[in-house]
Amino acid sequence: MHFIVRNTLLTVGAALLAQVAAFAADTSPIRSAKEVKWGAPPPVFPSGAKFAVIAGDPAATGLITVRFDMPAGYAIAPHFHPTDEHITVLKGTFSIGMGDVVDKAHALTLSPGGYGVAMANMHHYAFTKTGATIQVHMQGPFAITYVNPADDPSKKHQ
């Protein structure tokens with residue numbers, strides 16, 4: 001009987017440790033803005049911005065959160081994604097417009113705390129006149145398709 005109880009406790013303990021380890025692996029170790037690891041954006045975005053993965057893996061299935069820090073004058077040509085893109089402005093002003101061509105007169109400009117959703121497959125473009133930091137939440141894997149393939153910065157180096 002003692003042997004069965006001991007083995008049961010060891011099995012339950014091992015299962016709990018595995019769950020804790022899995023939870024720890026899934027949670028971000030980021031505790032403050034100072035700990036965000038910034039780098040260059042993926043090649044499908046114009047150079048000049050900084051990019052950080054906050055949570056998730058942009059190449060995998062599941063929820064991902066990324067941040068973009070863009071200088072004044074930064075723009076992303078009309079494009080779309082296969083999943084909804086949830087955008088929150090953290091700093092500066094960020095403009096979003098819908099359509100196949102950039103029409104700055106009809107774009108909506110968001111200030112810090114502003115929020116927008118570009119629905120899956122909705123053609124949209126973005127720019128900042130002043131510089132901006134945004135946070136984007138979406139389901140991965142991340143994908144972007146430019147309305148005009150010639151606008152894709154990753155194709156310009158080939």
- Query: Among Gly97, Gly114, which is touching an Asp or Glu at 6+ places or on another chain (Cβ under 7 Å) and not hydroxyl-bearing (Ser, Thr, Tyr)?
  - Reply: Gly97
- Message: All but one of (1) among the polar types (S, T, N, Q); (2) more than 20 Å from Ala33 (Cα to Cα); (3) within 17 Å of the chain's Cα centre (by Cα); (4) surrounded by 14 or more Cβ atoms within 10 Å (Cβ to Cβ) hold for Thr133; state the number of the condition that does not hold.
- Response: (2)
- Message: Can you list residue pairs whose Cβ atoms sit under 7 Å apart, with the first residue in segment 62-80 being closer than 20 Å to Ala150 by Cα and the second being among the small types (Gly, Ala, Ser) and not in a strand (DSSP E or B)? Count only pairs 6 or more apart in sequence or on different chains.
- Response: Tyr74/Gly48; Tyr74/Ala49; Pro78/Gly99
- Task: Kindly indicate whether Lys129 is among the basic types (Lys, Arg), assigned to a strand (DSSP E or B) and modelled with pLDDT of 95 or more.
- Result: no
- Query: Which ones in segment 77-113 are among the small types (Gly, Ala, Ser) and surrounded by fewer than 17 Cβ atoms within 10 Å (Cβ to Cβ)?
  - Reply: Gly99, Ala105, Ser111, Gly113
- Message: Could you go through segment 144-152 and let me know if any residue there is part of a strand (DSSP E or B), touching a Gly at 6+ places or on another chain (Cβ under 9 Å) and not hydrophobic (A, V, I, L, M, F, W, C).
- Response: no
- Query: Which condition number in (1) assigned to a loop (DSSP other than H, G, I, E, B); (2) closer than 23 Å to Asp57 by Cβ; (3) modelled with pLDDT under 95 is the one that His157 fails?
  - Reply: (2)
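The values are calculated or read from the model by the stated rules, or taken from the named source; none is laboratory data. As the structure is a prediction and not an experimental result, all values here were calculated from the model. No Cβ is skipped: glycine too gets one built from the backbone with ideal geometry, and neighbour counts run over all protein chains shown.
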